[in-house]
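The values are calculated or read from the model by the stated rules, or taken from the named source; none is laboratory data. Everything numeric here is computed off the predicted structure, so don't read it as measured data. Because the Cβ atoms are built from the backbone with ideal geometry, glycine has one as well, and the counts that use them run over all protein chains shown. Calculation scope for accessible area: heavy atoms of the full protein, side chains included, ligands and nucleic acids excluded. Shrake-Rupley method; radii C 1.70, N 1.55, O 1.52, S 1.80 Å.
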Amino acid sequence: MPNPLIRQATAEDWPRIWPFWHRIVAAAETYTWDPDTSEEDARALWMGPAKRVFVAEDDTGAVVGSAYLTPNYGGPAARIANAGFMVDPDRGGRGVGRALAEHVLAAARADGYRGMVFNAVVETNPAVALWTSLGFTILGTVPRAYEHPRHGLVGLHIMYKELA
């Protein structure tokens, strides 16, 4: 897929995000959110007011991925970001995730964040390879913390990248 168009999401994008958001979370393989999350709760989780949300569109205008950027902590630690990324499973392996990641990392730097932390990356998630290729390090792993539907109990990585 050629470079997707990445832009700020609007409220009108949610109906195009929800189908793959639901599919990914319901699969219970990569996110720690409840697989039975309602659409209303999902929208609040992904599109909440503290988050900058982005969408990736293909050349037909279809939304093929989404990401958010938000502070991970508050107060004196508010310059450490957190982010979430989802790519439509039917569009995986075509560079959408990498393009979203590079866009969000650049936005985080532009917003003055000093670093980005991921609090719970399922260790069997194929995106771990993407994050490490982009300079994230695994700070630690909570062993046997995630009940994966195919792999059983697996760890959750805490990953970090300095942005300064």
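Between segment 145-164 and segment 31-79, the alpha-carbon centres lie 18 Å apart.
Counting only protein heavy atoms and a probe of 1.4 Å, the accessible surface of the chain is 53% carbon and sulfur.
Solvent exposure of the chain amounts to 50 Å² per residue of accessible area, where only protein heavy atoms count and the probe is 1.4 Å.
Expressed as a whole percent, the proportion of Cα-Cα pairs in segment 68-119 lying more than 12 Å apart is 63%.
Volume per residue for segment 1-98 equals 108 cubic angstrom (convex hull of Cα atoms).
Under the criterion of Cα pairs below 8 Å and six or more residues apart, the relative contact order for the chain equals 20 percent.
Per-residue ellipticity at 222 nm computed for the chain from its helices equals -8500 deg cm²/dmol, with DSSP H segments shorter than 4 residues left out and the rest contributing -39,500 (n - 2.57). Counting only heavy atoms of the protein chains and using a 1.4 Å probe, Thr137 has close to 70 Å² of accessible surface. How charged is the neighbourhood of Val122? Take every other residue with its Cβ under 14 Å from the Cβ of Val122, and add Lys/Arg as +1 and Asp/Glu as -1. Net of charged neighbours comes to -1. Rg and Dmax over the alpha-carbon atoms of the chain stand at 15.2, 43 Å.
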